[in-house]
Amino acid sequence: MGSPDITQQRGKFSFADARTLVGDLQKPDPRIYWADFLTSIITGHLAFHALYFLPKWIPDSPLLWPAMTLAFIACVVLYMRSVMFIHELVHLPKDGFRAFRFVWNMMCGIFFLAPSFLYYPHVDHHRRKHYGTEHDGEYLSLSHYGPWVIVGFILQALVIPLLGVARFLIVSPICWVVPGAREFFHRHASTMVVDPSYRRTDLTPRVRRIILLQEALCFAWIIWFLVRGGIMRGEWIDPFWLIAYCVGVALVMLNEIRTLGAHRWTGTGQPMSFEEQLLDSVNYPHAPWLSELWGPVGTRYHALHHLFPSLPYHNLGRAHRRLVAGLPADSPYRFTIAPSLTSELVALWKRSLASVSRRPRSDSQAATAGDALPSHTVAP
């Protein structure tokens, strides 16, 4: 199925019929969450440390570089899966998962300088009146921008790990001691976003307390990371830092590519109807052995997730199969299915090229000069 024109769907979507088909799949299973996350993060940490120790263990072995390559791929894939649980934290019920939230932050969120408070505004992405508008920090009209914006979107991964360090090593202390700084940086530099113009507005006393705690933990982790690696060893550059940077860049880049395939980005900044929002999102049910690597923890079923945000990730595959079997043959839901991530990325690139060719020459020149995206963090 290609990328459908949202104005040409043949049938009408029945939310009531869909809810009837998957209504019994809404309950998350804590055992799956704990087993999946702990296995992923612990194995990921082992792979990360293997990258550091393998050159010491087998420096002259012909197996060194194959082993390093395998460890690097395993590390990125496992860390990707671990980090993506931040997406589930937003949608999980508050009762019954407090310990899971705490452990995720301590073993993953703080470690990656991506504590859970950065993702609280994700709920705006699921508000029907906000989706695709200026109130949605996880949306850009990429189908209407030039191709270089897409390139910049991916290449920003080179600086995002460094911006993460600056956010918690420099910005956090400023927020602690400078009056008014907290409000400014909360609006402009405290959210995982796709749209850099998004302004966060949820600084309640409860959120402030959570932010202070998680900021302090991230700050302490960075200080220890720097002291342990450089000062204590008397080294200007610790190989551990280089490994962390390379893994961080690969992880962010993989997530950015996943993000480009999560939607079709056909919105223009105006509110979209429910069916337009559904058809602007994508499911990848095919080749799960591959798509689960780049789209883990349910993120490869992004259209289904927008349809039922509270559906736990471990039930999305079953829910999708029920919907495909139970909904009418002309249901718009079927147009959310893409054959592969590659096909959607190619389609996005072609739409982007077409949008540039349709512009008047003066507009195109202005867009080329102004389409470079500021560096920002890409959301799950």
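The values are calculated or read from the model by the stated rules, or taken from the named source; none is laboratory data. Just so it is clear, the model here is predicted, and its values are computed rather than measured. With ideal geometry, Cβ positions are generated from the backbone for all residues, glycine too; neighbour counts draw on all protein chains shown.
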Look at segment 289-304 and say how many of its residues are crowded, with 21+ Cβ neighbours inside 10 Å and either of a type in the set (S, T, N, Q) or closer than 22 Å to Leu155 by Cβ (or both).
3
Checked Ser357, Ser362, Ser375, Ser331 against criteria (at pLDDT below 80 and farther than 30 Å from Met192 by Cβ); the one match is Ser362
Which condition breaks for Met192 when tested against (1) modelled with pLDDT of 95 or more; (2) assigned to a loop (DSSP other than H, G, I, E, B)?
(1)
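Yes or no, residue by residue, for (1) under 29 Å from Thr268 (Cβ atoms); (2) in contact with a Leu (Cβ under 6 Å, 6 or more places away or on another chain):
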site: Trp289; (1), (2): no, no
site: Tyr301; (1), (2): yes, yes
site: His306; (1), (2): yes, no
site: Asn315; (1), (2): no, yes
site: Ala325; (1), (2): no, no
Can you name every residue in segment 49-71 that is in contact with a Leu (Cβ under 6 Å, 6 or more places away or on another chain) and either part of a helix (DSSP H, G or I) or among the basic types (Lys, Arg) (or both)?
Ala67, Met68, Ala71
May I ask you to list pairs of residues, at least six apart or on different chains, whose Cβ atoms are under 6 Å apart, with the first in segment 121-139 being outside any loop (DSSP other than H, G, I, E, B) and the second being surrounded by 22 or more Cβ atoms within 10 Å (Cβ to Cβ)?
Asp124/Asp136; His125/Asp136; His125/Glu138
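Scan His314, His286 and give me the residue that is touching a Pro at 6+ places or on another chain (Cβ under 9 Å), surrounded by fewer than 18 Cβ atoms within 10 Å (Cβ to Cβ) and either more than 24 Å from Phe37 (Cβ to Cβ) or aliphatic (A, V, I, L, M) (or both).
Exactly one residue qualifies, and that residue is His286.
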Considering residues of segment 149-188 that are without any contact (Cβ under 8 Å) to a residue 24 or more places away in the chain and buried (at least 17 other Cβ atoms within 10 Å of the Cβ) only, the residue nearest to Trp221 (Cα to Cα)
Val171
Tally, over segment 132-148, of residues that are crowded, with 20+ Cβ neighbours inside 10 Å and either of a type outside the set (Phe, Trp, Tyr) or more than 24 Å from Leu353 (Cα to Cα) (or both)
9
Sole residue being at pLDDT below 95 and surrounded by fewer than 20 Cβ atoms within 10 Å (Cβ to Cβ), chosen from Leu242, Leu278, Leu212:
Leu242
Being in contact with a Pro (Cβ under 8 Å, 6 or more places away or on another chain) and farther than 30 Å from Val324 by Cα narrows it down to one of Leu51, Leu64, Leu38, so name that one.
Leu64
